[in-house]
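Engineer: Mind having a look at this structure? Questions to follow.
The values are calculated or read from the model by the stated rules, or taken from the named source; none is laboratory data. Fair warning: this is a prediction, and the values are worked out from it, not measured in the lab. Ideal geometry is used to build each Cβ from the backbone, glycine not excepted, and the neighbour counts take in all protein chains shown. For the accessible areas, the whole protein counts, side chains as well, though only heavy atoms, and no ligand, DNA or RNA atoms are used. Shrake-Rupley method; radii C 1.70, N 1.55, O 1.52, S 1.80 Å.
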Amino acid sequence: NPATPENWFQENIIIFLWVPAIIILGRYFKLSNISYTIITIFLMLHLIGAHYNYGGVPFGETLGEWTGSERNQFDRLMHFLFGLIMIYPFREMFLRITNIHGFWGYFFPVNIIISFSALYEIYEWASVSYLPSEIAYLFIGGNDPWDAIKDMALAAGGAIITTIFLSYFERKG
């Protein structure tokens with residue numbers, strides 16, 4: 001029983017495409033249990049955002065208060081978490097497909113996260129052109145003209161943070 005069924009459907013179109021792809025590819029290309037756990041956690045958090053509309057998630061209001069913002073910050077948190085946690089499975093896939101290591105083994109996965117973030121923002125922009133204005137407002141999370149740039153910057157920042165930690169621990173261990 002989502003808050004806005006039209007918005008819920010729009011938010012989950014990508015999930016309807018990615019989950020079957022992960023399942024089908026998983027038969028031929030196994031990821032680590034850590035990667036599957038990360039993907040599952042991210043998808044569960046996404047489902048919470050889609051259920052309430054990203055701008056209506058109760059915890060997002062609390063985040064807004066903590067950061068001194070009037071805006072519900074759940075959408076921003078999810079973009080940051082996309083970079084912070086999803087870099088791990090993306091990097092795992094990249095390293096196994098390309099067998100590239102060293103600097104480029106860190107650099108390219110960060111760029112993949114940024115690229116997926118940009119593609120999602122383009123998807124949001126394209127979706128708004130045919131959605132009713134009240135649904136479009138919910139889907140893009142408000143009227144901030146810098147929303148796409150902030151979202152991509154948060155994803156990039158999260159990916160860079162995790163990449164720095166991975167680099168440190170991989171060199172140490």
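Engineer: Quick check: anything in the stretch 129-140 at pLDDT below 90, assigned to a helix (DSSP H, G or I), among the hydroxyl-bearing types (Ser, Thr, Tyr) and open to solvent by 30 Å² or more (accessible area, probe 1.4 Å)?
Structural biologist: Checked against the condition, which is being at pLDDT below 90, assigned to a helix (DSSP H, G or I), among the hydroxyl-bearing types (Ser, Thr, Tyr) and open to solvent by 30 Å² or more (accessible area, probe 1.4 Å), the stretch 129-140 yields at least one hit.
Engineer: Let me ask you something else. Which residues, counting only those in the stretch 45-62, are open to solvent by less than 30 Å² (accessible area, probe 1.4 Å) and in a helix (DSSP H, G or I)?
Structural biologist: His46, Gly49, Ala50, Tyr54, Gly60
Engineer: Going by what's in this entry, would Ile34 be described as without any contact (Cβ under 8 Å) to a residue 60 or more places away in the chain, at negative phi and surrounded by fewer than 19 Cβ atoms within 10 Å (Cβ to Cβ)?
Structural biologist: Spelling it out, Ile34 is indeed without any contact (Cβ under 8 Å) to a residue 60 or more places away in the chain, at negative phi and surrounded by fewer than 19 Cβ atoms within 10 Å (Cβ to Cβ).
Engineer: Consider the stretch 64-80. How many of its residues are part of a helix (DSSP H, G or I) and open to solvent by less than 30 Å² (accessible area, probe 1.4 Å)?
Structural biologist: Residues flagged as part of a helix (DSSP H, G or I) and open to solvent by less than 30 Å² (accessible area, probe 1.4 Å) within the stretch 64-80 amount to 6.
Engineer: Something else about it: Is there a residue being open to solvent by 50 Å² or more (accessible area, probe 1.4 Å), in a helix (DSSP H, G or I), of a type in the set (A, V, I, L, M, F, W, C) and touching a residue at least 12 places away in the same chain (Cβ under 8 Å) anywhere in the stretch 99-109?
Structural biologist: Yes: the stretch 99-109 contains one or more residues that are open to solvent by 50 Å² or more (accessible area, probe 1.4 Å), in a helix (DSSP H, G or I), of a type in the set (A, V, I, L, M, F, W, C) and touching a residue at least 12 places away in the same chain (Cβ under 8 Å).
Engineer: If you go through the stretch 83-97 one residue at a time, do you hit one that is over 27 Å from Tyr28 (Cβ atoms) and either modelled with pLDDT under 95 or of a type in the set (A, V, I, L, M, F, W, C) (or both)?
Structural biologist: yes
Engineer: Please go through the stretch 1-31 and pick out each residue that is open to solvent by less than 70 Å² (accessible area, probe 1.4 Å) and assigned to a helix (DSSP H, G or I).
Structural biologist: The answer is Asn7, Gln10, Glu11, Asn12, Ile13, Ile14, Ile15, Val19, Pro20, Ala21, Ile22, Gly26.
So that you can scan it fast, the table gives a plain yes or no per residue for (1) β-branched (Val, Ile, Thr); (2) touching a residue at least 40 places away in the same chain (Cβ under 8 Å):
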{"residue": "Leu63", "(1), (2)": "no, no"}
{"residue": "Trp66", "(1), (2)": "no, no"}
{"residue": "Asn72", "(1), (2)": "no, yes"}
{"residue": "Phe90", "(1), (2)": "no, no"}
{"residue": "Ile97", "(1), (2)": "yes, no"}
{"residue": "Val128", "(1), (2)": "yes, no"}
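Engineer: Is it the case, given these coordinates, that Ser117 is touching a residue at least 24 places away in the same chain (Cβ under 8 Å) and surrounded by fewer than 20 Cβ atoms within 10 Å (Cβ to Cβ)?
Structural biologist: no
Residue by residue, here is whether (1) at pLDDT 95 or above; (2) charged (D, E, K, R) holds:
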position: Tyr106; (1), (2): yes, no
position: Ile122; (1), (2): no, no
position: Trp125; (1), (2): no, no
position: Asn143; (1), (2): no, no
position: Lys150; (1), (2): no, yes
position: Thr163; (1), (2): yes, no
position: Phe169; (1), (2): no, no
